[in-house]
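Participant: Below are the structure tokens for one structure; questions will follow.
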């Protein structure tokens, strides 16, 4: 059809887990020859064990059509294949099988600073991105003032972007992607960084891009509120497949049903860190939930955890900050420790802490955990932090809820104590 700008047929993407390569052809041949003779790999470091290569299908048979001017939301749990799909569409990676047909130029923002060269200034990077899209210098000049104004980076526009903060990166990158001439705009968690005012401005601009300019937007996010506000259609990915395509509200309901509870022991080393939390001062290793074998709890439960961590620095005074999010990405609350605990250099240590879920209503939640310290000047410094470190469910208590079906969207996620009548007529 003439108004179809993206058509995907049986798209598949396979990754091979394990050792990627030895870095040189010689090393790869040595490793291969050792494997053939069933000998020890000569390129393994002392103490390392060979990892058996396995296949992982990040995308496994995607069929999708996107029309001109649509704003398509793409949601799913971590590892569902959302970012891989956008990378294939943006030609960052090639598909293993299947066919992708695209009509028009794509402007992508897959992560902070994608497409930017650190040694170039903000202005030079704008020209670079324009050239990648096939625009002339004159065409970029016509957009330059709008991009600088929207990015709020005018003061630093002639400074190398390697000196930009993550917030400045995202502001400029979004401004470039949204203003340069492209028929399709691809965004992956672009609003995860940046202040609230700028996020609202981005949402407004993305709405204008689709509604007023007639461009197509593909938007990946874990924040269901922005998906509801921005998208006219939504797909749900699970294990590399599309399990739903259609109404946004129904897609969110199905997505929340795919959120998996966590195992008793979570390996935090495998989970990604946000840039502002990955200082390397402390490295959290495992999180173990105590006193239970599942992750479904009754209302008013107290959750006990054992956190194992390692640091190369001596005598740090650490604090724990915990924040909860509902399954749709909306924030619930934040709590932190009052007293610090000390760490010791070059030792794996653990701390046991307790979290009270009193007042949190039934539903599925994720827990973010951050280790931080406070210096003698009262300044907070994040040492390590993991998003979605633990996923759990609060089960409904009929006695407490009194047959009320709680509406999270309108009432929030916290239920206060009952209203007390002080005097009667």
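Participant: Looking only at the range 374-388, filter to residues that are farther than 22 Å from residue 272 by Cβ and either surrounded by fewer than 11 Cβ atoms within 10 Å (Cβ to Cβ) or without any contact (Cβ under 8 Å) to a residue 40 or more places away in the chain (or both); which one of those is nearest to the chain's Cα centre (by Cα)?
Facilitator: Let us first name the residues in the range 374-388 that are farther than 22 Å from residue 272 by Cβ, namely 374-379.
Keeping just the survivors that are either surrounded by fewer than 11 Cβ atoms within 10 Å (Cβ to Cβ) or without any contact (Cβ under 8 Å) to a residue 40 or more places away in the chain (or both) gives 375-379.
Numbers: 375: 30, 376: 33, 377: 32, 378: 30, 379: 27 Å.
Checked the range 374-388; the qualifying residue nearest to the chain's Cα centre (by Cα) is 379.
A quick yes/no check of all residues on (1) more than 18 Å from residue 79 (Cβ to Cβ); (2) surrounded by 15 or more Cβ atoms within 10 Å (Cβ to Cβ):
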| site | (1), (2) |
| --- | --- |
| 249 | yes, no |
| 268 | no, yes |
| 273 | no, yes |
| 297 | yes, yes |
| 307 | yes, yes |
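Participant: OK, next. Can you tell me which residue in the range 266-321 is nearest to residue 417 (Cα to Cα), limited to those that are in contact with a helix residue (DSSP H, G or I) (Cβ under 8 Å, 6 or more places away or on another chain) and assigned to a strand (DSSP E or B)?
Facilitator: Only one residue tops the list, namely 287.
Listed here are the residues, each with its yes/no results for (1) in a loop (DSSP other than H, G, I, E, B); (2) within 28 Å of residue 224 (Cβ to Cβ); (3) modelled with pLDDT of 85 or more; (4) in contact with a strand residue (DSSP E or B) (Cβ under 7 Å, 6 or more places away or on another chain).
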position: 338; (1), (2), (3), (4): yes, no, yes, no
position: 364; (1), (2), (3), (4): no, yes, yes, yes
position: 376; (1), (2), (3), (4): yes, no, no, no
position: 389; (1), (2), (3), (4): no, yes, yes, yes
position: 393; (1), (2), (3), (4): no, yes, yes, yes
position: 396; (1), (2), (3), (4): yes, yes, no, no
position: 399; (1), (2), (3), (4): no, no, no, no
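Participant: Tell me which residues, restricted to the range 340-362, are in a loop (DSSP other than H, G, I, E, B) and loosely packed, with under 11 Cβ neighbours inside 10 Å.
Facilitator: Passing the criteria: only 346.
Participant: Looking at this structure, is residue 218 surrounded by 22 or more Cβ atoms within 10 Å (Cβ to Cβ) and either assigned by TED's automatic domain parsing to the domain that holds residue 146 or in a strand (DSSP E or B) (or both)?
Facilitator: Spelling it out, residue 218 is indeed surrounded by 22 or more Cβ atoms within 10 Å (Cβ to Cβ) and either assigned by TED's automatic domain parsing to the domain that holds residue 146 or in a strand (DSSP E or B) (or both).
Participant: In addition: Surrounded by fewer than 21 Cβ atoms within 10 Å (Cβ to Cβ) and in a loop (DSSP other than H, G, I, E, B): is that true of residue 213 in this structure?
Facilitator: yes
The values are calculated or read from the model by the stated rules, or taken from the named source; none is laboratory data. All of these numbers come straight from a predicted model, not from anything done at the bench. Positions of Cβ are generated from backbone atoms using ideal geometry, with glycine treated the same way; all protein chains shown enter the neighbour counts.
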